[in-house]
Amino acid sequence: MRIGVYPGSFDPVTKGHLDIIERASKIFEEVIVVVSINTSKSPLFTLEERMDLLKESCKHIKNIQVDSFNGLLINYMKKINSNVIIKGLRAVSDFEYEFQMALMNRTLEPDIETLFMMTTDKYSYLSSSLVKEVVRFGGKVTGLVPEIVENQLYKKIL
Ligand code: PNS
């Protein structure tokens, strides 16, 4: 079975992430969305909250699973026997860091491929950090994140 792995911090999941997940689910037999435990950023949502919000936001997609990983992504890939990492690319600004990570992962494990999917243009500026900032300063993020995420953001921040 062809399994694609879509890793990230998902703090929280946005409509931009969801767009990639929906499109990836049409390419792969199964997509595992994996939430990083050892993120260098200090997250607003706990690991469990980030996973629950993802599960709830993806429940209309049949071939999706949500999991978490600690340490190196390639070790998780080997554990679940997948060799495709899915990444979303928004703008040129994403490219350099993603390029570095893809090449480092390939150096560590040559059989694992990183597949980049171009974001949908209407979400190309969107990020979890910007969404949190807008809410922090009293703005609305309707339409930019799933409804359940929007409600949790207002609860957590305001
Ligand atoms: O949503 P993010 O914060 O852009 O996700 C980044 C993430 C978690 C995918 C990336 O930092 C990662 O893969 N971390 C795990 C450690 C690792 O394997 N690093 C890659 C070697 S360069």
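The values are calculated or read from the model by the stated rules, or taken from the named source; none is laboratory data. Keep in mind that this is a model prediction, so the values were computed, not measured. Ideal geometry is used to build each Cβ from the backbone, glycine not excepted, and the neighbour counts take in all protein chains shown.
Numbers below:
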| read-out | value |
| --- | --- |
| Selected residue [more than 15 Å from the ligand (Cβ to nearest atom) and either in contact with a Leu (Cβ under 7 Å, 6 or more places away or on another chain) or modelled with pLDDT of 95 or more (or both)] from Phe28, Phe95 | Phe28 |
| Phe45 vs. criteria aromatic (Phe, Trp, Tyr), buried (at least 16 other Cβ atoms within 10 Å of the Cβ) and either assigned to a loop (DSSP other than H, G, I, E, B) or within 13 Å of the ligand (Cβ to nearest atom) (or both) | yes |
| Filter result for Tyr76 (in contact (Cβ under 8 Å) with a residue 24 or more places away in the chain and either assigned to a strand (DSSP E or B) or within 12 Å of the ligand (Cβ to nearest atom) (or both)) | yes |
| Search result, residues across the range 123-158 that are closer than 17 Å to His17 by Cβ, out of contact with any Gly (no Cβ under 7 Å at 6 or more places or on another chain) and aromatic (Phe, Trp, Tyr) | Tyr125 |
| Selected residue (criterion: modelled with the highest pLDDT) from residues of the range 120-142 that are of a type in the set (Val, Ile, Thr) and more than 14 Å from Lys156 (Cβ to Cβ) | Thr142 |
| Residues of the range 130-152 satisfying the condition of being touching a residue at least 24 places away in the same chain (Cβ under 8 Å) and loosely packed, with under 13 Cβ neighbours inside 10 Å | Gly143 |
| Count - residues of the range 115-158 that are among the polar types (S, T, N, Q) and out of contact with any Asp or Glu (no Cβ under 8 Å at 6 or more places or on another chain) | 4 |
| Residue check, Asp111 in a loop (DSSP other than H, G, I, E, B), out of contact with any Lys or Arg (no Cβ under 7 Å at 6 or more places or on another chain) and surrounded by fewer than 16 Cβ atoms within 10 Å (Cβ to Cβ) | yes |
| The range 6-22 residues that are in contact (Cβ under 8 Å) with a residue 40 or more places away in the chain and more than 22 Å from Ser40 (Cβ to Cβ), paired with ones that are assigned to a helix (DSSP H, G or I) and more than 9 Å from the ligand (Cβ to nearest atom) (beta carbon under 8 Å, 6 or more apart) | Lys15/Tyr123; Leu18/Ser57; Asp19/Tyr123 |
| Residue in the range 53-71 that is surrounded by fewer than 19 Cβ atoms within 10 Å (Cβ to Cβ), within 14 Å of the ligand (Cβ to nearest atom) and part of a loop (DSSP other than H, G, I, E, B) present | yes |
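For every residue, the table says whether it meets (1) away from the ligand (no atom under 15 Å from the Cβ); (2) surrounded by 16 or more Cβ atoms within 10 Å (Cβ to Cβ).
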residue: Pro7; (1), (2): no, yes
residue: Asp11; (1), (2): no, yes
residue: Arg23; (1), (2): yes, yes
residue: Val35; (1), (2): no, yes
residue: Ser40; (1), (2): no, no
